[in-house]
Amino acid sequence: MSTSLPPTIVMKFGGTSVADAARIKRAARRIVAQREAGKRVVAVLSARGKTTDELIKMAEEVSPTPDPREMDMLLSTGERISCALCAMAINDLQHRAISLTGSQAGIVTDTSHTKARIIDVRAERIRQALNDDQIVLVAGFQGVSTSRDVTTLGRGGSDTTAVALAAAIGAEVCEIYTDVAGVFSADPRLVPDARKLPLVSFEEMLEMAASGAKVLQLRSVEYARTHGVRIHCRSSFEDRPGTVVIGEDETMEHPLITAVTHSTEEARITLLGVPDRPGAAAAIFNALAEANCNVDTIIQNEPLGEGRDAEVSFTIASEDLRAAEAALAPVAAELRIARIDTDPEIGKVSIVGAGMRSHPGVAAKVFDVLAEQQINIEMISTSPIKISCVIRADMVEDAVRALHQAFELGAAGIERERPIGQEAR
Ligand code: ASP
Ligand code: MG
């Protein structure tokens, strides 16, 4: 990083922050304000509002299984619209702006269409434009593959574009502007007294993003941790600071529990009658990996008795269900797996907190709280800083509220001391 250049920042605006003309102009003014404060600005924009969903729907109207390469050609247009419009608005504010596609911006990815990974950022063109005193707008969520096709980075991928650019140009911060004020102790739509978290560690943010918090794409957090990019997640509708994601060694705060997260966009696959021999699990999960399906909680029971079959159960994102079933069919035939069941109605509730690493009894308390709510736990998985329970999808909201209250994560729980013997349920 050069010391003679003014500091560079990356500002990423999500879909709701550029949804209509007024919001694009508001984003343009925020970008210009940073420029006028002496910063060099690279802005990454998402597609407007529900554009990406609408494009997916359009594809499904013409084809039940759209070709992934063409899907990426289609989906990448949403972000380009936002950038071109915002560049126009910035030009009208008497600043020079240039919009770039992911490919023009030098985002190079692997060849896995609709879920590509960034493998290189060749930011010369961005650097040139910045040196030339231009504001650079980059279409998020897309890149160009090593075989020169347009690719997209998976839902929410504009966050990863922003972080990757911040790393490549040595930006002092990657600001993620969104329609919420930051990262919360639970989804504020479900839990009205959810608290905005001023600081979250990368480790916690990774677990939160992986277990359903939608503020940041999981890959963007991984990328930021690997490359030491500071993320500041904040509202595009107000000026107050939001949530800063930092290294665990940078924070003194180690709360026992930081947040309750949830997801209802998962499905479970159960394989019944899996032969109990070395290589069976490897064959199953290799097939899923090749189909690019990210597997979460896995449970395999040990068959009781010689020659019995095992049962393997795991969760995946709902959107991967079709691909997973297709990938498993040949393995099932080869291994002579008796049956494959799928259950799309599952949900997952998780609690995340760096402090639980060294604190016994957290899991027991989670199970107690769910039992009191008459919620049946179907699967459990843990990491040193996370406990996840798979439950029925329609019980998720109750579970989130009960856990948030029991662990006193709300704004109220912090201000009020509870008299002994009257702890929150
Ligand atoms: N427009 C894409 C999506 O809706 C990418 C993004 O917004 O980050 O998933
Ligand atoms: Mg997003």
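The values are calculated or read from the model by the stated rules, or taken from the named source; none is laboratory data. In this text, all values refer to a predicted model and were calculated from it rather than measured experimentally. Because the Cβ atoms are built from the backbone with ideal geometry, glycine has one as well, and the counts that use them run over all protein chains shown. Side chains included, ligands, DNA and RNA excluded: accessible areas come from the protein's heavy atoms. Shrake-Rupley method; radii C 1.70, N 1.55, O 1.52, S 1.80 Å.
Quick notes
- Lys, Arg +1 and Asp, Glu -1 on Cβ, resulting dipole of segment 82-197 about Cα centre, debye, nearest 20: 260
- Computed from label points 7 Å out along Cα-Cβ, the spacing between I299 and A412 is 3.4 nm.
- With contacts taken as Cα pairs under 8 Å at a separation of at least 6 residues, segment 223-330 carries a relative contact order of 25 percent.
- Largest-first ordering by accessible area, 1.4 Å probe, given options Y223, Y177: Y223, Y177
- Neighbours of M395, meaning other residues whose beta-carbon lies under 12 angstrom from its beta-carbon, give a summed charge of -2 when Lys and Arg score +1 and Asp and Glu score -1.
- Most to least accessible of H359, H95, H404 (protein chains only, probe 1.4 Å): H359, H95, H404
- Alpha carbon Rg of segment 277-425, scaled by the compact-globule rule 2.2 N^0.38 Å: 1.30
- Normalised by the number of residues in the chain, the average gap of Cα pairs under 8 Å and 6 or more apart makes the relative contact order 13 percent.
- Accessible area per residue (1.4 Å probe, heavy atoms of protein chains only) ranks L304, L288, L199 as L304, L199, L288, with the largest value leading.
- Note that segment 97-254 presents 40 Å² accessible area per residue, ligands and nucleic acids not counted, probe 1.4 Å.
- Accessible surface of segment 188-325 [probe 1.4 Å, protein heavy atoms]: carbon and sulfur percent: 49
- Convex hull per residue volume in Å³, alpha carbons only, for the chain: 165
- Cα-based Lys pair tally, the chain, threshold under 18 Å, eight or more apart or on separate chains: 13
- Computed helical MRE - 222 nm, the chain, DSSP H runs ≥ 4 contributing -39500 (n - 2.57), nearest 500: -10500 deg cm²/dmol
- F407 - accessible surface, heavy atoms, 1.4 Å probe, Å² rounded to 10: 30
- With Cα atoms defining each centre, segment 289-363 and segment 374-414 are spaced 20 Å apart in the structure.
- Expressed as a whole percent, the accessible area of segment 65-148 that falls on carbon and sulfur atoms is 48 (1.4 Å probe).
- Springs between Cα atoms under 10 Å define the GNM used for the chain, and in it the highest mean-square fluctuation of V312, V44, V121 occurs at V312.
- Considering only the chain, percent of DSSP beta bridges that pair antiparallel, nearest 5: 60
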